[in-house]
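Below is one structure, written out as structure tokens; comments come after it.
The values are calculated or read from the model by the stated rules, or taken from the named source; none is laboratory data. The shown structure was predicted, so the numbers you read here are calculated from the model rather than taken from an experiment. Don't worry about glycine lacking a Cβ; one is built from the backbone with ideal geometry, like all the others, and counts go over all protein chains shown. Only protein heavy atoms, including side chains, enter the accessible area calculation; ligands, DNA and RNA are left aside. Shrake-Rupley method; radii C 1.70, N 1.55, O 1.52, S 1.80 Å.
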Amino acid sequence: MAGIKSLVKDTAVYGLSSIIGRFLNWGLVPLYTYLFSEADYGIVSYLYAIVAVFIVILNYGMETGFFRYANKEEDYEKVYSTAMVSVATTSVLFIALISLFLQPISSALTLPHHPDFVWMMGFTVAVDAFTNLPFAYLRFKRKAWTFAGIKLLNIGINIGLNLFFLLACPKINEAAPQLISWFYSPLGGESFGVGWIFLANVISTLVVLVCLMPQMKVKHIVCDTALLKKMLNYSWPLLVLGVAGNLSQGMGQIIIPYLFPDNPEGARTMVGLYGANIKIAVVMMMFTQAFRYAYEPFIFSKAARQGEDKTQAYCDAMKYFIIFGLAIFLGVMYFLPILKHFISPDYWAGLRVVPIMMIADICFGVYFNLSLWYKLTDRTKWGMYLSLLGFVLMLGGNLIFVPAIGMPNGYIGSAWAALISYGGIMTVSYLLGRKYYPIPYDVKRIGLYTLLAAILWGIGSACDFPYAMWATYIFRGLILCIYVLIVAYFENIPVLSSQLHKLLGEIDKKTRKP
């Protein structure tokens, strides 16, 4: 139980950067949707989806490889230095290549008229891939607060620059253009549009690089080729896994422009609608990401300890992930009529994808929890196979559902493809895990909690009072409290469960009185 408490504590701290940081970034969504058309925002959503894929390519599993070998080798600094030199070299090569072949790359990405956008995001992704290792080092050293502080600084600078470029600069340009003309006019001013978003990313990423420099200091900068070969051998399946996984996650935004080549404007509009609405479901991704930051070091450190029962900790981690995930799902769905105002009403047509994507994200989080069986048994190739399976399901689902639905609602097919893909790999991974690294997950109780959440979702959705929305929210809030109390009762969570037991005892006494 002490291990779970440590995991919860680290998850909470990492969540400070992940959840609060993403929430602050989430606050930029209304700014983007109110300032830019669906098609323009579609460019942002499209490029960010591609960036997520290239970060994995340029990191090629070295983050997880570092955790694995830092716990196995005596000199963890040598492991860190070797990984850092390798990723730094490939990142510099990537920047050089994208600079040399910028125009053909931009054309291949369906953005021939915006090579500047492509270069800025290419530079950003190369630097981000490199800084992932110093961030991993902070996690390894359990410096969660330093990790969170730098992440939040990055978010703060990025948000500040977005507000400055998109809101302040147009007004300054009207009142005192000489103050900003040295950079604002050469880039095109307001006509630079979403390019200011990408420029803010470049600057904030460079600031993070500077802040992480103290974490790059090691006794000796070395690149042990024998060690690197072992790390690459361990990590290359994770590269395939990660690329396929991130391609799957961003499949809707990436593939739609290629499915409707005769109507690029309409395709970008669909991407914009889809990208804006899945931001509402991003709270589930925030929780999963925060959990992931704490979970990987947790399972590897647990595995390194001898003579300790680890399976109960793994079971508890899975159960509590699902418990909290279901609570987040109910909260978002119950208060969606409020949350939808974070995006422009022009985008509300896409709200129907929110519940689908949230359920899909829960499935993906469960799949990540299940992944420990192939990571701890060094069967990372299975992770690659599962990720490829997810990619095939996602690609096939998009190729079938999106054109079948057609314009303007084809993006809904992307959401269903995501649910089928994540649900599929979750199921297959569970079955394989039972064979290679059996863990006695409390499937029965998890299933009952899932059924309870589904019933409460149905009750809350049915109880809608359009002329007294305050009553709707109070009622739904009470239902959410019922879920929390029932879970607390069965899990014996301190305070809540003791109060509930006391309440039930009082009720029992009263009913027994003649």
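Going by the structure shown, is residue 479 modelled with pLDDT of 95 or more, in a helix (DSSP H, G or I) and not polar (S, T, N, Q)?
no
Check whether at least one residue in segment 186-203 is assigned to a helix (DSSP H, G or I), hydroxyl-bearing (Ser, Thr, Tyr) and either in contact (Cβ under 8 Å) with a residue 24 or more places away in the chain or open to solvent by 30 Å² or more (accessible area, probe 1.4 Å) (or both), and report yes or no.
Checking segment 186-203: at least one residue is assigned to a helix (DSSP H, G or I), hydroxyl-bearing (Ser, Thr, Tyr) and either in contact (Cβ under 8 Å) with a residue 24 or more places away in the chain or open to solvent by 30 Å² or more (accessible area, probe 1.4 Å) (or both).
On the given criteria, is residue 126 open to solvent by less than 60 Å² (accessible area, probe 1.4 Å), assigned to a helix (DSSP H, G or I), closer than 24 Å to residue 223 by Cα and of a type in the set (Gly, Ala, Ser)?
yes
Residue 185 - would you say it is more than 18 Å from residue 159 (Cα to Cα), in contact with a Pro (Cβ under 8 Å, 6 or more places away or on another chain) and not aliphatic (A, V, I, L, M)?
Answer is yes for this residue.
Go through (1) among the small types (Gly, Ala, Ser); (2) more than 27 Å from residue 67 (Cβ to Cβ); (3) within 21 Å of the chain's Cα centre (by Cα) one by one and return the number of the condition residue 371 breaks.
(2)
For segment 147-155, check the following and say yes or no: at least one residue is modelled with pLDDT under 90, on the phi > 0 side of the Ramachandran plot and either open to solvent by 10 Å² or more (accessible area, probe 1.4 Å) or of a type in the set (Gly, Ala, Ser) (or both).
no
Let's see how each residue does on (1) touching a Leu at 6+ places or on another chain (Cβ under 8 Å); (2) closer than 20 Å to residue 135 by Cβ; (3) β-branched (Val, Ile, Thr):
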{"position": "149", "(1), (2), (3)": "no, yes, no"}
{"position": "154", "(1), (2), (3)": "no, yes, no"}
{"position": "162", "(1), (2), (3)": "yes, no, no"}
{"position": "165", "(1), (2), (3)": "yes, no, no"}
{"position": "170", "(1), (2), (3)": "no, no, no"}
{"position": "184", "(1), (2), (3)": "no, no, no"}
{"position": "188", "(1), (2), (3)": "no, no, no"}
{"position": "195", "(1), (2), (3)": "yes, no, no"}
{"position": "204", "(1), (2), (3)": "yes, yes, no"}
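Can you work out which of the residues in segment 306-330 that are in contact with a helix residue (DSSP H, G or I) (Cβ under 9 Å, 6 or more places away or on another chain) and within 23 Å of residue 73 (Cα to Cα) is modelled with the highest pLDDT?
Restricting to residues being in contact with a helix residue (DSSP H, G or I) (Cβ under 9 Å, 6 or more places away or on another chain) and within 23 Å of residue 73 (Cα to Cα), the top hit is 310.
Do we find that residue 256 is more than 21 Å from residue 68 (Cα to Cα) and in a loop (DSSP other than H, G, I, E, B) in this structure?
For residue 256, the condition - more than 21 Å from residue 68 (Cα to Cα) and in a loop (DSSP other than H, G, I, E, B) - is not met.
If I ask for residues that are outside any helix (DSSP H, G or I), open to solvent by 40 Å² or more (accessible area, probe 1.4 Å) and among the hydroxyl-bearing types (Ser, Thr, Tyr), which ones from segment 424-474 would you list?
Those that are outside any helix (DSSP H, G or I), open to solvent by 40 Å² or more (accessible area, probe 1.4 Å) and among the hydroxyl-bearing types (Ser, Thr, Tyr): 437, 467.
Among 48, 14, which is open to solvent by less than 20 Å² (accessible area, probe 1.4 Å) and at pLDDT 60 or above?
14
Here is a list of conditions, (1) farther than 21 Å from residue 201 by Cα; (2) surrounded by fewer than 20 Cβ atoms within 10 Å (Cβ to Cβ); (3) of a type in the set (S, T, N, Q), and residue 99 meets all of them except one; can you say which number that is?
Residue 99 satisfies every listed condition except (1).
Examine segment 371-390 for a residue that is touching a Ser or Thr at 6+ places or on another chain (Cβ under 6 Å), touching a residue at least 40 places away in the same chain (Cβ under 8 Å) and within 25 Å of residue 259 (Cβ to Cβ), and state whether such a residue exists.
Within segment 371-390 (the criterion being touching a Ser or Thr at 6+ places or on another chain (Cβ under 6 Å), touching a residue at least 40 places away in the same chain (Cβ under 8 Å) and within 25 Å of residue 259 (Cβ to Cβ)), the answer is yes, since at least one residue qualifies.
Quick test for you: out of 421, 387, 414, pick the one residue that is part of a helix (DSSP H, G or I), at pLDDT below 90, of a type in the set (Gly, Ala, Ser) and open to solvent by less than 30 Å² (accessible area, probe 1.4 Å).
387
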